[in-house]
1. Starting from the 7 Å offset along Cα-to-Cβ, what nm value, one decimal, do you get for the label separation of Asn202 and Lys61?
2. Could you tell me the extents of the stretch 29-77's C-alpha atoms along the three principal axes, largest first, rounded to whole Å?
3. Could you give the dipole magnitude of the chain about its Cα centre, charging the beta-carbon of Lys and Arg +1 and that of Asp and Glu -1, in debye to the nearest 20?
4. To the nearest 10 degrees, how steeply does helix 247-264 sit against the main Cα axis of the chain, on a 0 to 90 scale?
5. Would you compute, from DSSP H runs of 4+ residues alone, the mean residue ellipticity of the chain at 222 nm, taking -39500 (n - 2.57) per run and dividing by the full residue count, rounded to the nearest 500?
6. Return one number: the angle in degrees, 0 to 90 and rounded to the nearest 10, between the long axis of the Cα atoms of helix 88-97 and the longest principal axis of the Cα atoms of the chain.
7. Which of the listed residues, Thr199, Ala95, Ala171, is farthest toward the dipole's positive end in the stretch 89-217, when Lys, Arg count +1 and Asp, Glu count -1 at the beta-carbon?
8. Each residue of the stretch 160-171 in turn: what ³J(HN,Hα) in whole Hz from Karplus with 6.51, -1.76, 1.60 and θ = phi - 60°, glycine and Pro shown as x?
Amino acid sequence: MQPYLNNGDVMELVVKDDENNPDQTASLIKWMAEEKKVAAILLLSTSASALKAGAYADSYKIPVLTLLATHTDVTKDRQYISQLSFDNNFQGQVAAQFVKDDLLLDRVAVISDNDSFYSTELAGEFIRKFTAVGGIITGSLVVDQVSGNYAEALEKLKGGRTELLYMPIKADQVLQIIKAAKEIKWAPELMGGDGLLATVLNQYRDQVHYLEGMYATDFFSKHMPLTQYGDKARKMYESMFDSNISTYAGLGAEAHTVLQTAMNKCTAAENRECINKNIRSTENLTGIAGRLAITGEGKGVRPLIINAIRRGELGYVVKVY
């Protein structure tokens, strides 16, 4: 995590906020490539922005490494965009297997958001895997199609003897669902997708008690075993900011290391083609929680963490490769 390459060149960061807006993302990639002539781009936006970024990355032949985007199609038929994250296929499969084999639950309802690429894909992959291993989907609920209170819709799911609600949706939507479930005196097991619990802890701290016991897939966990690299990154972050290292900071540290390693292998550090090739040749690199790799197709290979909210804190449950 040094700002210098092996040849002594400084890695200068040009930081811009795309507001997680796909059109803004596209505009900034164009600006970065044409005006700033950057060597590569780290994208901290979600799947909708990353899906749009792929065409621009290929057009300008500029390496883009996405940190948060998990949609399976981010790298499909693309040459210059890669994922540091796991994708929704892996995430959905792990979640389904965990519910069936570890929680020993057979009856699940799925709640999704049709306005989100992330939500619809992850919900679909969970359903596919859960039914493949013998689970039963008791019903589904699409949040953007419900007017008013969710209680009536949840009554139907409750009547289907649903044991768990799988909810790859936004934190504020999850909180509304849980509150509606309490209205009808229903307390099923709960599970969400990556970033959910961390978002609640960061943005809705005063409401975290509603999520007690809820499970979610994620990139990291506060109490998980760390690699030597991860321990160093944690101590550095905490000494600088006097707070626990966040998911964004952890992924940022890993992305910096992936990019720096790729650039160090190029004779000319600004050679975009060389950088892109080396990003997609990342193998056996040590990350925060374990080994990282990026395939020749731009797919991230990394451990997935399952967390749970316990007494208002993010509790580590298990790590899956």
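Laboratory data are not the source of any read-out in this text; all were calculated from the coordinates shown. Since we're looking at a predicted model, the values are computed, not measured. Here the Cβ is made from the backbone with ideal geometry for all residues, glycine too, and neighbour counts use every protein chain on show.
1. With each label point 7 Å from Cα toward Cβ, the separation is 3.6 nm.
2. Result for the stretch 29-77: principal-axis Cα extents of 30, 21, 14 Å.
3. With only Lys, Arg, Asp and Glu charged at Cβ, the dipole is about 600 debye.
4. In the chain, helix 247-264 runs at an angle near 30 degrees to the longest axis.
5. -11500 deg cm²/dmol
6. Tilt relative to the chain: about 40 degrees.
7. Ala95
8. Here the 3J(HN,Hα) series is x, 6, 5, 9, 8, 9, 9, 10, x, 10, 5, 4 Hz.
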